[in-house]
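Everything on this sheet refers to the single structure shown next.
The values are calculated or read from the model by the stated rules, or taken from the named source; none is laboratory data. Note that the structure is predicted; figures quoted are calculated from it, not measured. When we count neighbours, we look across all protein chains shown, and the Cβ atoms used for this are built from the backbone with ideal geometry, even at glycine.
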Amino acid sequence: MMMESTNSDAFIPTKGDVFEVLKELNGSSVAVDYQNKIVKVEWDGIVDLATVNIILNKAADLIEVGHCDKLLLNRKNLKEFTTEARIWIKQDLLRNRAKKLVNKVVKVATVNSSTAMGGVFANFISTAIKLIFPKLSMVKFSSQQEGLDWLLS
């Protein structure tokens with residue numbers, strides 16, 4: 001079921017940046033700014049295995065083929081990842097596919113979740129990313145625009 005995003009941290013284009021939404025599923029989405037080589041992942045609500053699998057694989061595809069080298073993870077509206085989604089992220093995505101991307105990503109900007117539980121799940125993902133990519137430049141921000149500005153700097 002497709003739902004419209006109710007993200008209150010809506011993207012405000014600056015410096016000519018244009019994101020094209022490639023996939024939206026249950027309020028979560030993956031979008032790309034080809035000009036600036038940024039892939040943006042936005043999480044909304046409770047994210048299940050099917051959603052996380054489709055969204056993150058699409059983002060990884062963009063990075064793997066060289067279309068993007070920067071990642072914006074907007075977790076502002078994330079409430080939680082289901083158990084199955086967390087297991088897939090940790091055991092499949094990060095241990096297998098992400099290792100192919102280690103030298104292809106230069107920066108990751110993350111936007112903090114607005115809920116306590118969302119923050120716990122967001123930190124789980126950030127910690128897992130840092131374990132696999134210890135030298136990766138990853139910074140947390142309170143707004144999507146701040147993260148985007150940093151990626152463009």
- Query: Are any residues in region 62-82 more than 13 Å from the chain's Cα centre (by Cα) and closer than 21 Å to residue 137 by Cα, and if so, which ones?
  - Reply: 64, 65, 66, 67
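From 70, 90, 99, 135, which residue is basic (Lys, Arg) and touching a residue at least 60 places away in the same chain (Cβ under 8 Å)?
Working: 90 fails: touching a residue at least 60 places away in the same chain (Cβ under 8 Å); 99 fails: touching a residue at least 60 places away in the same chain (Cβ under 8 Å); 135 fails: touching a residue at least 60 places away in the same chain (Cβ under 8 Å).
On inspection, the qualifying residue turns out to be 70.
Restricting attention to strands (runs of 3 or more DSSP E) lying wholly within region 59-153, give those where 2 or more residues are of a type in the set (Val, Ile, Thr), in contact with a Ser or Thr (Cβ under 9 Å, 6 or more places away or on another chain) and closer than 20 Å to residue 31 by Cβ.
107-111
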- Note on the structure: Considering residues that are crowded, with 18+ Cβ neighbours inside 10 Å and among the acidic types (Asp, Glu), the number found within region 60-112 is 2
- Message: List pairs: first residue in region 42-58 and among the hydroxyl-bearing types (Ser, Thr, Tyr), second residue in a strand (DSSP E or B) and at pLDDT 95 or above anywhere in the structure, Cβ distance under 6 angstrom, at least six positions apart or on different chains.
- Response: 51/25; 51/28
- Exactly one of (1) modelled with pLDDT of 95 or more; (2) surrounded by fewer than 20 Cβ atoms within 10 Å (Cβ to Cβ); (3) closer than 16 Å to residue 89 by Cβ is unmet by residue 57. Its number? (1)
- Item | Looking only at region 128-151, and only at residues there that are buried (at least 18 other Cβ atoms within 10 Å of the Cβ) and of a type outside the set (Phe, Trp, Tyr), the one that is farthest from residue 99 (Cα to Cα) | 144
- Count - residues of region 87-104 that are closer than 14 Å to residue 121 by Cα, modelled with pLDDT of 90 or more and basic (Lys, Arg): 0
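Of a type in the set (Val, Ile, Thr), outside any helix (DSSP H, G or I) and either modelled with pLDDT of 95 or more or touching an Asp or Glu at 6+ places or on another chain (Cβ under 9 Å) (or both): does that describe residue 32?
On the way: of a type in the set (Val, Ile, Thr): yes; outside any helix (DSSP H, G or I): yes; either modelled with pLDDT of 95 or more or touching an Asp or Glu at 6+ places or on another chain (Cβ under 9 Å) (or both): yes.
Considered against the rule, which asks whether it is of a type in the set (Val, Ile, Thr), outside any helix (DSSP H, G or I) and either modelled with pLDDT of 95 or more or touching an Asp or Glu at 6+ places or on another chain (Cβ under 9 Å) (or both), residue 32 comes out as yes.
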